Each structure stands twice: as structure tokens, then as C-alpha cells.
Amino acid sequence: MIAVLKKDTSEKQLSGLIEWLKMMGLDVHISKGKYQTIVGLIGDTSRVDIELLQSLEIVDTVKRISEPFKSVNRKFHPDDTIVDVSGVKIGGGNFVAIAGPCSVESPEQISEVAASVKASGASLLRGGAFKPRTSPYDFQGLKAEGIEMLREAKKATGLPIVSEIISINYLPLFEDVDLIQVGARNMQNFELLRELGRIKKPILLKRGLANTLKELLMSAEYIMAGGNEQIILCERGIRTFETYTRNTLDLSAVPMLHELTHLPVIIDPSHATGKASLVRPMALAATAAGADGLMIEVHNNPQKALCDGPQSLTPEQFADVMKSVCAIRAVVAG
Ligand code: PEP
Ligand code: MN
């Protein structure tokens, strides 16, 4: 349920209302926009007397929200949320390119890739240190050492770093990671989401392989319910019957999510297609569709990559994609 307040509501009146709602056992989400303040009611609202709420002097309108996701709902927060990743802003017109290898492999590899993607316009460096692999015999990542190499690359380039967490037990290792990624396979690891809701770091939440947008938003709700509102959503392709591509990029997720939620939405064309040759066209299409950013895998020697080589761009290919992305951004941002 939301209550839209009248323009001249004072802070004192607002805090009186919040107190009253909290006394009814509800959580309250306040969104102060340019033109209006919206009070979102979270919890069991069946006991709220709508007519009484509506009759309050400061209340303009009251509406029930039918969707199960509340805090992430655009009805709760009409303005775009801008996520701040150590000074790099995403959302609300701020477009960001995240680039780097699937996994961190050596200090030379990550520092070389970091310097090149920075030169091409990436503003965040990605690199997996903990790799959730389908086979237990595949490379699982360099773990703590990998995070250390990312930190070194961050020191050298100034690029904030993004890395995937696969268990809350590793959280202490992520102190210097600027944006914590929850991978597709963990999108519904509710314990992990709950814990990440309690921390103060931005979270990059990737859509599960076979999850609906509603489920993605419910997972974001888990994080936000804990108080962490800094969430970026990522569409990375879903499972369909098609086999030429690794997954099927659901591009309509961008405008659909923009309608449903205030959170920024980015596209990962690398995992969506599994093929380096398809990354460029899908990156451009995603930019044209209004994505708030892209996450692209880049490797200095894709043929030798320990993970996801076939979908990784060379630094030169990435530079070329970025040029066209910038041209499309200029048109989209108009
Ligand atoms: C990744 O970004 O390296 C990754 C494993 O992605 P996803 O969880 O989307 O498969
Ligand atoms: Mn990968």
C-alpha cells in the first residue's frame, strides 16, 4: 500500500504518520521525489483502515500495491535509483561499462586487462575469484589470491572492482570489493541475499538461468528488506530451447524492469550469447533498449582463458564495441 502525501506536509507531520504506522507493526519506506513524497507501507497491511488513512489531513491518495514486491516497486519510488559504486554512478541516466575477464588468472593478466578496458572507457573492473562451475573438475578461481590481484589492479588503475560471492562465509574477503556480484546460480540463495541486505555495499544481482522477472524482483526485495537499497539488476540470458547460443538474451527485460522497478538494469551480452561474435550486436541492442550499463567479458588472450574464452572479447574488440556504444548512447540519451 502507498500513501501519497500532500505537497505542504511538514517533517513533523511526516514523522507522526511514520510513528503511527510503525505502531501498527508496519515497515515504512519513504520516497521523497521532486514533486511528491510517497510513504510505502510494508508488511501485513490488511489491518490498515484505508478510509482512516485516506481521511488524514496530510494524505492525498492511498493505493494498494498488488505486486508482491514492494520496496523495489516503482510505485513505491517513482524516481530512478542511482547506485553509487565508490563514486561511479549507475542509473537515472548514468551509463556504466563493466569489463574484465571471467576469472582472475594472474597479476599480469588482470593488470593488463584492467589498463586496456580503462583506456577504452570502462569504469568498473570485473573479475571472478570464486567461480561457480558446472563441473567440480573445472577451474574454480584463485579465491583470496584472486581478490588480492583485483585489489592490486584497482590500485594501479583506480577502477572500482566487481567480483562474485558464492558464500556468505567469504564476506570478510570482500571488504575492498566495491560491487558484490550475486551470480545467476545464486539468485535464489535466500540466506545469502538476506545477509547481503545487512551490509552497506552495492550488490549486482544477476537473473537466474530459469527465473522470471518477478522472481528476480523478489530476490532484490530480499536484499532491500534488510535495508540495503543499492542494487543493480542484470539480465544475462535465460534458458530456452535454442542451442546455437549459450542462453537467450531477454532484451525486453530492460524496458519491462524499468516499468516495474526503480533499480538500474544492466545487460551481460557475454553470458547471454556465449559467443564473442555476438557480444557486439547484443551490446549495441541493449544500449539502444535503454540499459543502464553493460557487463562484458574481456581477456588479453581469449584462446588461453581458463574460463569462458569463447565469449570473451580481446581488448581491441572491446575498444571497438565501446566506440559504437558511445554513439548509440548519444542517440538514446538524446
Ligand atoms: C560471471 O559473471 O562470471 C558469471 C558466472 O555469470 P552468471 O552468474 O550470469 O553465469
Ligand atoms: Mn564468465
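The values are calculated or read from the model by the stated rules, or taken from the named source; none is laboratory data. All values reported here derive from a predicted model rather than from experimental measurement. So basically every Cβ, Gly included, is an ideal-geometry build from the backbone, and we count neighbours across all protein chains shown.
Within segment 48-77, residues that are part of a helix (DSSP H, G or I) sit with their Cβ atoms under 7 Å from residues that are small (Gly, Ala, Ser), at 6+ positions apart or across chains, in these pairs: LEU53/ALA3. Confirm whether SER111 is within 13 Å of ligand 2 (Cβ to nearest atom), more than 12 Å from VAL162 (Cβ to Cβ) and modelled with pLDDT of 95 or more. Judged against the criteria, SER111 is not a match.
Hey, does segment 293-309 have a residue that's under 16 Å from the mean Cα position of the chain (by Cα) and closer than 20 Å to LEU217 by Cβ? Scanning segment 293-309 turns up at least one residue that is under 16 Å from the mean Cα position of the chain (by Cα) and closer than 20 Å to LEU217 by Cβ. When ILE232, ILE296 are checked against the criterion of being farther than 18 Å from ILE82 by Cα and either in the same structural domain as ILE110 (by TED's automatic domain parsing) or in contact with a strand residue (DSSP E or B) (Cβ under 6 Å, 6 or more places away or on another chain) (or both), a single residue qualifies: ILE296.
Residues checked against (1) over 30 Å from PHE174 (Cα atoms); (2) assigned by TED's automatic domain parsing to the domain that holds ALA289; (3) under 23 Å from the mean Cα position of the chain (by Cα); (4) not polar (S, T, N, Q):
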| position | (1), (2), (3), (4) |
| --- | --- |
| LYS6 | yes, no, no, yes |
| GLY25 | yes, no, no, yes |
| GLN54 | yes, no, no, no |
| ASN73 | no, no, yes, no |
| PHE76 | yes, no, yes, yes |
| VAL88 | no, yes, yes, yes |
| GLY91 | no, yes, yes, yes |
| ASN94 | no, yes, yes, no |
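Remark: pairs (first residue in segment 297-321, hydroxyl-bearing (Ser, Thr, Tyr); second residue within 16 Å of ligand 2 (Cβ to nearest atom); Cβ separation under 6 Å; 6+ apart in sequence or on different chains) = SER312/GLU297; SER312/HIS299; SER312/PRO302; SER312/ALA305. Exactly one residue out of LEU294, LEU263, LEU257, LEU251 is in a loop (DSSP other than H, G, I, E, B) and either surrounded by 22 or more Cβ atoms within 10 Å (Cβ to Cβ) or within 13 Å of ligand 1 (Cβ to nearest atom) (or both): that is LEU263.
Filtering segment 144-173 to residues that are under 22 Å from VAL298 (Cα atoms) and either aromatic (Phe, Trp, Tyr) or within 16 Å of ligand 2 (Cβ to nearest atom) (or both) leaves GLY146, LEU150, ILE161, VAL162, SER163, GLU164, ILE165, ILE166. Of everything in segment 297-314, what is closer than 14 Å to SER270 by Cα and either more than 16 Å from ligand 1 (Cβ to nearest atom) or touching a helix residue (DSSP H, G or I) at 6+ places or on another chain (Cβ under 8 Å) (or both)? Give them in sequence order. Correct list: GLU297, VAL298, HIS299, PRO302, ASP308, GLY309, PRO310, GLN311, SER312, LEU313, THR314. Is it the case that GLY91 is at pLDDT 95 or above, touching a Lys or Arg at 6+ places or on another chain (Cβ under 9 Å) and not hydrophobic (A, V, I, L, M, F, W, C)? Here the answer is no, as GLY91 does not meet what is asked.
Within segment 11-35, being in contact (Cβ under 8 Å) with a residue 40 or more places away in the chain and in a loop (DSSP other than H, G, I, E, B) holds for GLY33, LYS34. Within segment 251-294, if we keep just the residues that are over 13 Å from ARG207 (Cβ atoms) and among the charged types (D, E, K, R), the residue that is nearest to ligand 2 (Cβ to nearest atom) turns out to be LYS275. Scanning segment 132-148 for residues that are within 16 Å of ligand 1 (Cβ to nearest atom) and more than 20 Å from LEU193 (Cβ to Cβ) yields ARG133, THR134, SER135, PRO136, ASP138, PHE139, GLN140, GLY141, LEU142, LYS143, GLY146, ILE147.
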